[in-house]
Each structure stands twice: as C-alpha cells, then as structure tokens.
There are 2 protein chains.
Amino acid sequence: MFEEICPSSLLPFRIGGDKWAGMVLRCLEDGPRRYSELRVPLARISPKMLTQSLRSLERDGFIRRTEYAEPVRRVTYELTGLGRSLLEPLRTFCSWAEEHWDELLDARES
Amino acid sequence: MFEEICPSSLLPFRIGGDKWAGMVLRCLEDGPRRYSELRVPLARISPKMLTQSLRSLERDGFIRRTEYAEPVRRVTYELTGLGRSLLEPLRTFCSWAEEHWDELLDARES
DNA sequence: GAGCGTGGTTACCGATTGGATACCGTGGTG
DNA sequence: CACCACGGTATCCAATCGGTAACCACGCTC
C-alpha cells in the first residue's frame, strides 16, 4: 500500500513523533481495525514499531484502543474525534505532496 | 516567538526531517532573512541545528540561499515557489493545532 | 499434545539525532 | 593592534530510533 508511494523519507512532513503515525491514521480512516489488519497494508513496519506508534497515538488522544472480553483475543483501534479531525489537514498535505511530487523529486536529485 | 507555543514536541506534525524546519519556513514567510535574523525568533535552536535545517530545506528545494559578493559577509535565505506553496497546508495544520490545542494538552496529561 | 493465530513484549545493537560548547576566518571599527 | 559581528564548523557526548530476532500467554484445532 504505502510501500512505493510513501517511503516517508521523501514526504516532507510527519504526523506525530514517528514516521509511521500518519500512515496508521490513514489506515484507520474507514473504521476500526485490528492489530493484524494493520500489519497488512503496513507490511514494512515491524511489530515493535507498530505497537509503539499505536501507543503513542493513543497517548496523544488520536486513536482509541478497545480490548474485547471475548474468548478469543480481540483488540481494535479506531480514530477518536480528535484523530478524525486530523484527517482533513492530513489530506490537505497529501494532496499538496501529490501535486508537487515531480518538483520534490527534481529538487532531491540535484 | 515559538518558545512557549511551539515546543514542537507537542505539535503532532513535522515538516521536513527535523523538527525545526516548519518554524524556519514560517520565519521566512515575510521575505528573505539572514542567518542571524533567524536566530532571534528561533532562540532555542543551536547554530548547528539551524544550519542543518537550512541545508536540508535548501536541498529539498524549499528555500534558496544567496550569498552576496559584498565586502561584509551577507547571506540570505528565502522561500522558493515550492516552499511558498507549502505554506498553505502548513497554515492549515497550524490552525488545526490552535483549534485543538486544549484537547491535545488534555490528552497528553492523562 | 503439537501446532497455529492473535497481540503483543523483550533483549540486543548499530545508526541517527540533537544539545552544548568551543572554535574559526573574514572583514570592519575603535 | 584589539575587538567585534557575521556565518557558520568541529567536537563531544547522551539519548533516542529503529530493525532483527526471539519469546510469551492464551485459546483454539487437529
């Protein structure tokens, strides 16, 4: 999903302290996701970093972690109101990046 | 200038690799600035980091460095077109941050 | 009871970041 | 000559980042 288009080193912005946070947020756009569901689109992230990102986003109030009292273990992550409100400026930024992608690459090369 | 309102550790986003880049860009909003002029509003940044931010922003094509062939040494930094275009999403983000400042603080505390 | 999936944690370790501090060459100025 | 401002560099060091790999408890299934 983000592998090619979002090496994140090229994107000139970051959400949260770590570089994955923005992508995690975008993965939660369409509703709650489980830990293992997040690992699919974010294949390149190690479990350690994913946990770290999730904890950090939770601490900052962007996402909510819910652990279900079911026989099989089930944990989901979803955006809070605050997290959802962040999507708008985030999208502004992403569309800026798409729009200026070529310029970014040109500037990097030279 | 940014001392109290922008500890940057609180701001949930970053421009460029380093945490100062966003503030540097905003300092250049109103026109070219000299190295020493930038150090005033960005009092808390070390010369090393300021240089690093400036070099990085220059490499990425957001700012332009101009060295004048004058007897006294004079160097200015100004936004390029690309850099200027980044101001808009940047401002979107900043106003988001202002709007949700209390929520951010609340989330951090608990 | 061996193995699997879920949702992680832990230990280790090299690479990177970032702060403080001191220093430097050039060109004025007193 | 001494000293200052400008625009940085150089060095040192501690903290953090981030990847790999192993491990773990729990419940389920074969």
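The values are calculated or read from the model by the stated rules, or taken from the named source; none is laboratory data. What you see is a predicted model, and the numbers here were worked out from it, not measured in a lab. Every residue, glycine among them, receives a Cβ derived from its backbone with ideal geometry; neighbour counts consider all protein chains shown. Accessible surface is based on the protein model in full, side chains and every heavy atom, while ligands, DNA and RNA are left aside. Shrake-Rupley method; radii C 1.70, N 1.55, O 1.52, S 1.80 Å.
Looking only at the stretch B:52-72, count how many residues are of a type in the set (V, I, T) and either near DNA strand C (Cβ under 10 Å from one of its atoms) or in contact with a His (Cβ under 7 Å, 6 or more places away or on another chain) (or both). Break it down stepwise before answering.
To start, the set of residues in the stretch B:52-72 that are of a type in the set (V, I, T) comprises B:63, B:66, B:72.
Narrowing the set further to residues that are either near DNA strand C (Cβ under 10 Å from one of its atoms) or in contact with a His (Cβ under 7 Å, 6 or more places away or on another chain) (or both) leaves B:72.
So the answer is 1.
Can B:S36 be described as of a type in the set (G, A, S), out of contact with any Ser or Thr (no Cβ under 6 Å at 6 or more places or on another chain) and open to solvent by less than 70 Å² (accessible area, probe 1.4 Å)?
Values: of a type in the set (G, A, S): yes; out of contact with any Ser or Thr (no Cβ under 6 Å at 6 or more places or on another chain): yes; open to solvent by less than 70 Å² (accessible area, probe 1.4 Å): no.
It is false that B:S36 is of a type in the set (G, A, S), out of contact with any Ser or Thr (no Cβ under 6 Å at 6 or more places or on another chain) and open to solvent by less than 70 Å² (accessible area, probe 1.4 Å).
Assess whether B:S85 counts as being under 30 Å from A:L57 (Cβ atoms), at pLDDT 90 or above and under 13 Å from the mean Cα position of the chain (by Cα).
Working: under 30 Å from A:L57 (Cβ atoms): yes; at pLDDT 90 or above: yes; under 13 Å from the mean Cα position of the chain (by Cα): no.
For B:S85, the condition - under 30 Å from A:L57 (Cβ atoms), at pLDDT 90 or above and under 13 Å from the mean Cα position of the chain (by Cα) - is not met.
In the stretch A:46-73, how many are more than 13 Å from DNA strand D (Cβ to nearest atom) and of a type in the set (V, I, T)?
2
Give all pairs with beta carbons closer than 6 Å in which a residue from the stretch A:82-110 that is aromatic (F, W, Y) meets a residue that is open to solvent by less than 20 Å² (accessible area, probe 1.4 Å); count only pairs at least 6 apart in sequence or on separate chains.
Cβ pairs passing all conditions: A:F93/A:F13; A:F93/B:P89; A:W96/B:P89.
Out of B:M49, B:M23, I need the residue that is under 12 Å from the mean Cα position of the chain (by Cα) and more than 24 Å from B:E88 (Cα to Cα). Which one? Give the steps one after another, and end with the answer.
On the way: B:M23 fails: more than 24 Å from B:E88 (Cα to Cα).
After ruling out the rest, the residue left standing is B:M49.
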